[in-house]
1. Net charge near ASP825: determine it from the other residues with C-beta under 10 Å of the C-beta of ASP825, scoring Lys and Arg +1 and Asp and Glu -1.
2. Sorting check: for 281-292, 348-359, which peptide has the highest mean count of neighbouring beta carbons within 10 Å, and how do the rest follow?
3. By its C-alpha gyration tensor, with a ≥ b ≥ c as the square roots of the eigenvalues, how is region 261-505 shaped: rounded for a/c under 1.5, else prolate for a/b larger than b/c, else oblate?
4. Could you check the simple spin-label distance between SER521 and SER263, using points 7 Å along Cα→Cβ, in nm with one decimal?
5. Output the pairs from LYS711/LYS870; LYS308/LYS467; LYS859/LYS906; LYS711/LYS800; LYS758/LYS800; LYS711/LYS906 with a Cα-Cα distance over 22 Å in this structure; if there are none, say none.
6. Using R₀ = 56 Å, calculate the FRET efficiency as 1/(1 + (r/R₀)^6) where r is the Cβ-Cβ separation of ASN498 and LYS906; round to 0.05.
7. In nm, to one decimal, how far is the GLN861 label point from the VAL446 one, both placed 7 Å along Cα→Cβ?
8. In nm, what is the difference between 0.36 nm times the number of residues separating GLU655 and ALA16 and their Cα-Cα distance?
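Only the coordinates and a few stated rules stand behind these numbers; no lab work does. The structure displayed is predicted, hence computed values, not measured ones. Quick reminder, even Gly has a Cβ in these numbers, built from the backbone with ideal geometry, and neighbours come from all protein chains shown.
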Amino acid sequence: MTGHLDDSALRDGDRAAMRSLGRVGVRLRGVLCTLARRGVAVRRDDPRRARQILDALAPWPFYKGGQFLFDLLEWEDFMIDGEPPPILSRAELGALLDLPVRWVDTAVTAVDHLPGPLRHIGANPQLRWLTATAQSTLRGVVRGLTEVLTPPPDAPAAGAATDDEALPPLEGGFYLYEDVVLGLFDLVVGRLPHSAEPEAETETEPEPEPEREADREPDPGLEPEAHPQSPSPSPEEPGQEHDAEGSAMTTSRQPAPTTSTPSTQVFPIEETFRATRVADLAHDWTLRGDATLTGDDGLQLTPAANDKAGTALLNTPFPSSAGVAIDFDFHCAGGDGDGFAVYLIDGAHDTDVGGYGGGLGYGPGPAGAGVSKGWVGLGFDRHGNFSTTWGGPTTDNVAKPNRIVLRGSGDRAAGFNFITGAPAPGGVTAVWADRAHVQVVIVNAVVTVRVTRGDTITTVFDGVDLKLAQGQAAMPETFKLGLSASTGAAISRHCVRNLVVALPAAMPLTVDGAAEAPAGSQVDFTVTVRNDGPNDVPDAVVTGTLDPALPDVGISVAQTGGGGAGTVPGSAGLGVFQQPLDLPVGSTATITLTGTVDREATGKVRCAATIESPTRGNTAPDKSDAHDTRLTEHILEDDLRVCQHAAVSVAPGAEGHVAFSVENPDGNPVDLASAELVFDAPTGFEWTGTITFTYYNAGGQSKGSGKAKLKPTLENGDTRLRLTGLQKLQATKGYVLTYALGIRAKADARPGRHTDGKVVLGDSRPLRLTATVQGAAQPQTFTNDDLALPVVQPALLEVKQGESGFMAVTVGFEKAAGQDLNSLDQVFRAPSGSRWNGFVSYSYYSGGQTTQGGHGDVKHQLTGNGAVLKITGMPALKVSKGLYLTYVLGLTADEDAATGPHDDGKAEIGDARPLALHTLVMDKTEPSRCNR
């Protein structure tokens with residue numbers, strides 16, 4: 001094809017090699033460009049530091065030689081041409097820094113592991129050394145460069161999010177070699193231990209040669225374990241694995257001893273181990289022996305094979321003075337041997353894997369050598385030999401399977417004394433579905449161990465003081481963490497994942513509440529937490545769940561002993577709650593959750609809670625709790641049913657009415673004269689102070705309110721209306737109280753539907769109040785435009801399919817004409833899709849804020865299956881200007897009524913112009929307009 005090189009003569013192998021070289025080129029370009037962009041960031045953020053670094057490096061031969069090679073290979077053009085490559089992570093670049101160390105390690109360790117074809121030169125030490133060094137170094141270089149330059153199978157795609165995406169782009173006009181050097185130097189500095197003064201060299205005594213297994217007497221009563229098929233690594237051969245020919249190959253670097261004391265800022269250390277390469281782990285780890293990464297199964301310490309031992313060593317030292325909490329999940333299955341261990345060594349040192357078989361990778365085992373500078377080891381012994389002398393010195397040399405054993409300090413062939421042991425809860429065998437979890441807490445050399453299986457937590461060791469253990473070394477300044485496992489004649493697969501190493505803090509939690517409560521009543525739950533130390537917890541979080549029968553819950557918190565209770569507000573809703581806390585050592589916090597149980601609920605309501613911290617390890621065994629409150633039969637209370645039957649829809653600055661019905665379905669007398677009735681207007685609205693009220697019953701007869709008068713109080717800039725003074729609400733079955741309240745849209749109100757109003761009558765549940773500010777294209781008013789006898793529908797009736805609502809219609813004379821309403825025909829024709837249901841009430845008012853109530857009962861007649869309602873008798877309307885009467889008429893929408901506006905209803909009052917009656921039929925799935 002045009003534009004492509006002719007490759008017709010190439011073989012398939014040639015093409016595959018070309019593709020591999022192309023991938024190497026892409027990877028190399030990504031390494032160089034990422035280092036250069038790091039260098040640009042150094043120059044940008046601290047130009048003075050950047051200049052001093054380059055000035056200091058300039059005399060070095062390596063710097064000058066690198067500059068020559070950079071120009072000779074024309075890497076500057078190689079980096080700039082084409083689209084910028086993806087940024088490589090620190091972990092990927094970290095592998096590059098390991099290469100020189102790996103090459104040296106392989107050269108040093110190769111001498112004693114020559115491959116078969118070269119064994120004939122063993123009589124010549126010099127030639128033997130040079131040959132071995134050349135071969136192993138070449139192998140190390142090839143393997144190392146392959147790891148660095150070959151993209152991993154799970155490498156992020158171009159443009160994938162990384163922590164380094166904020167790096168600046170390469171800048172034209174600068175010499176890229178300097179940027180690469182600055183980026184490499186900055187990366188190296190971040191991985192080296194920092195020490196103010198160089199550490200003086202000290203002479204150390206050579207370690208005693210471990211006793212060979214062949215020279216040891218077998219322990220009586222023990223099940224013999226097979227010797228490994230290949231020799232265990234010796235103290236002089238750390239971190240090796242062997243290829244098919246038996247040649248030693250270093251698989252991980254060995255960090256130099258740490259000379260500075262890290263602060264507690266190193267915590268928390270979190271590692272899921274769900275990776276396949278060490279470079280992809282979140283922290284600096286070395287895997288030795290048979291340990292490997294398996295992806296979803298996490299860190300596999302041994303496969304299910306004979307005579308294996310593996311360890312993972314965290315190369316990050318952490319301080320011992322503040323204590324430590326170590327948590328992880330484990331999997332141990334596929335056989336009955338041998339077990340796994342979690343251990344700590346002196347943080348100033350390094351170690352290889354300990355003994356296989358009964359050593360569990362910590363103690364000596366059959367090979368006679370445990371870890372270096374070990375301080376404490378906790379073994380989960382499936383087979384039982386960690387309790388014998390293969391685990392270290394003991395007075396009871398008997399195998400004890402399925403035990404958890406604590407052994408003390410030791411160094412290779414010496415130490416590792418037995419301290420104590422206990423049965424493993426549920427045994428040591430576990431798969432991931434068992435949710436097997438370990439927590440090890442060490443504070444001031446005192447060890448506490450807890451094991452979780454499913455939802456059951458067992459304290460195995462409760463405060464074992466290592467300071468009292470015979471032969472125990474003093475606690476070092478820093479620790480390094482190791483995880484290990486082993487097999488012998490018996491096998492098992494040992495895996496670990498979800499490791500967290502953190503500062504410990506014991507934060508117990510309890511949940512309390514009433515033993516029982518009536519349905520429909522208020523229920524309080526209290527969640528109490530405290531911090532028993534030894535560390536402050538500034539970021540504790542209490543989370544929990546609440547029963548769905550508690551729909552609306554309030555949350556508050558009080559605290560003693562310092563801290564910032566309530567500094568960050570808590571939240572509760574949708575069945576969950578959360579409360580952040582600042583808990584200094586010795587402080588206590590009490591969280592109160594208050595809600596009203598649904599009246600129809602039965603059984604019980606539950607509150608459950610847990611306390612955790614993202615930076616501390618909660619070492620309390622009771623960090624979670626729950627409480628159940630049993631529900632008894634609902635007690636009738638003054639809980640009224642309140643419904644909104646018309647959602648006012650007016651233009652900005654215009655007035656309308658909102659209609660409500662109030663009933664007492666429990667039949668329990670409610671004295672509204674002693675109760676407050678509070679109405680909060682929706683956003684953009686205010687109350688006018690006009691109010692009418694009356695009673696009606698299901699028989700269709702209105703009942704006058706007598707001489708009762710209401711004078712409302714307006715508050716909060718007229719957005720709140722408060723009522724008192726009404727007589728007892730009729731408790732007789734079927735009676736309903738209706739209100740029609742005057743409301744006004746503010747002149748600057750934003751058009752739209754506003755649903756944040758609220759109505760609370762006495763002790764009843766709140767009702768959400770809805771009103772609409774009309775836009776320019778919507779109708780302004782519903783009126784007959786008759787000055788002699790105005791008839792107005794003050795609010796658009798919104799009614800759901802198959803449900804009932806109330807339509808308000810106001811009638812009033814503007815002139816003293818000497819005419820009574822009882823002499824006029826009054827006929828109301830229902831809009832299509834609806835019918836009158838016989839509920840009729842009325843009330844007089846004269847404007848302003850004073851109602852005159854209803855005087856006498858109104859009578860009516862229904863015809864046409866509810867399509868027509870005719871008033872047949874009522875008290876006379878006083879003939880005085882400004883006196884008005886408001887009807888509240890019950891209307892029911894058909895089950896199959898078409899949704900949307902219906903504007904074809906009609907009110908005909910005497911000779912006045914007819915008034916068109918309007919409804920908006922809403923889908924039956926719309927939320928209810930009632931409070932219960």
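1. Values: positive: LYS870; negative: GLU908, ASP911.
That works out to -1.
2. Working: 281-292: 20.8, 348-359: 28.2.
Sorting 281-292, 348-359 by mean packing, highest first, produces 348-359, 281-292.
3. On the way: a/c = 1.24, a/b = 1.04, b/c = 1.19.
Note, shape of region 261-505 comes out rounded.
4. Distance between label points: 5.4 nm.
5. On the way: LYS711/LYS870 32 Å; LYS308/LYS467 33 Å; LYS859/LYS906 19 Å; LYS711/LYS800 33 Å; LYS758/LYS800 20 Å; LYS711/LYS906 33 Å.
Beyond 22 Å between Cα atoms: LYS711/LYS870; LYS308/LYS467; LYS711/LYS800; LYS711/LYS906.
6. Values: r = 73 Å, r/R0 = 1.30.
Rounded to the nearest 0.05, the efficiency is 0.15.
7. 9.4 nm
8. Working: separation 639, 0.36 × 639 = 230.04 nm, distance 8.21 nm.
Length gained between GLU655 and ALA16: 221.8 nm.
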